[in-house]
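Since every read-out is calculated from the coordinates, none of them should be taken as a lab result. Only a predicted model underlies this, so the values are computations on that prediction, with no experimental measurement involved. We place every Cβ from the backbone using ideal geometry, glycine too, and count neighbours over all the protein chains shown.
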Amino acid sequence: MAKRKLVVGSIAACIFALCANMANAQVVGTPYTVPYNAIIEEQTTYTDVMYDFQHQTIQAYNVSGTAYVLQWQVSTDTTVADSFIDIPGANAQNYTIPAYYIDGFVTTEQSKELFFRVIANNGTKEDISSIMGILFIRTNTPGYGIDTTGVHYLTINMGLGGVAGGGTVKIALLNLGQSGTGSLNTDPLYSDAARVDDAADLGDFYQWGRVADGQQHTVWSKTTAHVNQINPMTGGGSATSKVGPAPVPPASYPLTPVLDATGQVDPSDPYYGLYIPGTGSWGNPAVNVWGNTSIARAGAPASLAGWSFPQNNPCPNGWFVPSLFDWADMFQNNGTGNLTAGTLPVTANGNTWEYRGTNAQQAIGGVIITNNTTGEKVYLPTTGSRHQTSGGLQSLGSLYYWSSTSGGNPNLNATRLTVIYNATTGVTTVAGDGVGASRSTGMCVRCIQKP
């Protein structure tokens, strides 16, 4: 598939020609009289990892005073003196990094970190923000593709049928519901169509076992403190995904929603399309499953055909939610049971898993999976999860991904991939949760496709 290449023009030309004289260019400002103090404290964005086909807006914000003239700058190497150069036309408080931006800087590297900052001038003082790094991942490689359903994917190594080595799996590059994938939201205020390939859209949060009836839909936004959050938060938000009423006895509404023949919330039920709070209000009937009802490997679906209710599969046609054992084979290929704990970085079964933590700009990091054979990379953002009762975002900076495998209590729990970073020790642990989390919890989903 041919790609549109963005010509960065004077930026790339200057970097490659080492035009240091453009760096730190003084911005001409209108001579207003304002207090001599900080103008720009920081800049922020949603995530510090982007695929080359994505765009993303980075934002600068004032501390005090007013910046009358702004200039965004970029560098490929902050260890080189005067390496920052002006981005042509980037003179507003927000700057949208266009798709294929990396093409103006490298032609062969699989990934490249670019560094951004903003210069602000108020006529009296010029202030320079701190530096924000964003890792760009290239996808114009042999293992990359877009299938007929629009799923962007790469191929990584994986154990095959529980046997170490020799297998591969296609893994979607984006979380389900991210950048317009999955069930589209028709609310004009939160239109997915306007966010296609927007790296700031980090995906939806599914209650385990539920299809995309609207309950999962998430809109990412920033708080007044420039921290990532999701809408709706507690009590609702977007008209397409509000939190349902808490069924606390002796409430008139039943504890369990009315289900249809496939185990999904019936369209006639008041809970249809809503996030269902509480541990007992969703997942209690054993029919609410995504593919199997056992934590034994023999019960894990090996393909889409192995699902108990294929119509409950939330992934696009031909894709499905990985079992706990699929995650294990992608991570460490133990091939015999639940995914055992490991620390990052780790190289196993031909893949390297590395952690990239949330930075000072409140940008979400995550785990980078590298195919050691091809060098291709897949990004799993640390989006946290949605609280089982309130529906609000929790554990932001931790990585939780649903599997299709039930938990210790097959009626109430389901297993997940977990990545936790310990800020005190600096150790990042990856583990499979064999006991499971409440099915009412909202977590991200990453779809796979096997040969």
Problem - Cα-based reach from LYS222 at 13 Å (exclusive), listing aspartates and glutamates while leaving out same-chain residues under 8 positions away - result: ASP201
Problem - 18 Å Cα-Cα reach of LYS170 towards aspartates and glutamates, excluding residues that sit fewer than 8 places from it in its own chain - result: ASP147, ASP326, ASP329, GLU376
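Please work out how much length the chain gains when fully extended from VAL69 to THR424, using 0.36 nm per residue of separation minus the C-alpha to C-alpha distance, in nm with one decimal.
On the way: separation 355, 0.36 × 355 = 127.80 nm, distance 4.04 nm.
Net length gain for the segment: 123.8 nm.
If you take every residue apart from GLN73 with its C-beta less than 14 Å away from the C-beta of GLN73, what net charge results, scoring Lys and Arg +1 and Asp and Glu -1? Working shown, then result.
Numbers: positive: ARG117; negative: ASP77, ASP82, ASP86, GLU126, ASP127.
Here the count lands on -4.
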Completion exercise
Of 200-208, 83-91, ordering from highest average Cβ density within 10 Å down gives 200-208, 83-91
Handout entry: Label-point gap, in nm, between VAL196 and ASP260 - each point 7 angstrom along Cα→Cβ
Key = 2.7
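Compare the peptides 132-144, 261-273 by average per-residue count of other Cβ atoms within 10 angstrom and give them in order, highest first. Write down the numbers at each step before the final one.
On the way: 132-144: 18.7, 261-273: 16.1.
With the highest mean Cβ count within 10 Å placed first, the list reads 132-144, 261-273.
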Practice task
Beta carbons within 10 angstrom, averaged per residue: use that to sort the peptides 315-325, 103-113, highest first.
Solution key: 315-325, 103-113
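Neighbouring Cβ atoms within 10 Å as the yardstick, rank LYS170, LYS222 fewest first. Write down the numbers at each step before the final one.
Working: LYS170 20, LYS222 16.
Fewest-to-most ranking of LYS170, LYS222: LYS222, LYS170.
For an R0 of 30 angstrom, estimate the FRET efficiency from the Cβ-Cβ distance between LYS222 and GLN311 and round to the nearest 0.05.
Values: r = 37 Å, r/R0 = 1.24.
Once the sixth-power term is evaluated, E becomes 0.20.
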Problem - Anchor LYS125: aspartates and glutamates whose Cα lies under 14 Å away (excluding residues fewer than 8 positions away in-chain) - result: GLU41
